[in-house]
1. Before we move on, is Glu102 in contact (Cβ under 8 Å) with a residue 12 or more places away in the chain, touching a strand residue (DSSP E or B) at 6+ places or on another chain (Cβ under 7 Å) and farther than 22 Å from Gly25 by Cβ?
2. So, Lys13, is that one over 19 Å from Asp85 (Cβ atoms), basic (Lys, Arg) and without any contact (Cβ under 8 Å) to a residue 24 or more places away in the chain or not?
3. From Val58, Val80, grab the single residue that is within 10 Å of the chain's Cα centre (by Cα), surrounded by fewer than 19 Cβ atoms within 10 Å (Cβ to Cβ), closer than 20 Å to Lys13 by Cα and of a type outside the set (Lys, Arg).
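Every number in this text was worked out from the coordinates using simple rules, so none of it is lab data. Here the structure is a predicted model, which is why all the values come from computation and not from measurement. All Cβ positions, glycine included, derive from the backbone under ideal geometry; neighbour counts span all protein chains shown.
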Amino acid sequence: MTGAFEIFPDHHKILASVAAQLMNGSEVVIDDQRILVTMVGSGRLRSVKFMMAERPIVAIEQNRNKPSRWGQLAKKGRQVVQFQDLATKKYLAVVVDGEVFEYGRK
C-alpha cells in the first residue's frame, strides 16, 4: 500500500461529511459504519480513523494554536479538519467549513 493517493471528486463528499460529523458529534458514520471520535494530543483535538478507497485515513481537528493559515482560521472559529494518509504519512486535504482543499493540486 505505497504510492501517492489520488483524491477523486466523489471523495470530496466523503471528506466534507467526515469533517462535519467530526466537529459536531461523538461519532462518524461512513457507509453504515459507526466510528467513535477520539481526542488526541495535548490540545485534545478530535480525531477519527477510517478507510477510504482501501487506504487508512485519519481526520484531525486543526490545532488553533498553530501559526499556519489553517490554524489562524480555526482560531477565528472556522471548522478546519486535516486529512492524512496513514500509509504514507502525507497530508491529502483540508476541509474548511465544508469546502475541500487538496494538497498538491493547483
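1. The answer is yes for Glu102.
2. On the way: over 19 Å from Asp85 (Cβ atoms): no; basic (Lys, Arg): yes; without any contact (Cβ under 8 Å) to a residue 24 or more places away in the chain: yes.
Taking the combined requirement at face value, the residue does not satisfy it.
3. Working: Val80 fails: surrounded by fewer than 19 Cβ atoms within 10 Å (Cβ to Cβ).
Testing whether each residue is within 10 Å of the chain's Cα centre (by Cα), surrounded by fewer than 19 Cβ atoms within 10 Å (Cβ to Cβ), closer than 20 Å to Lys13 by Cα and of a type outside the set (Lys, Arg) leaves just Val58.
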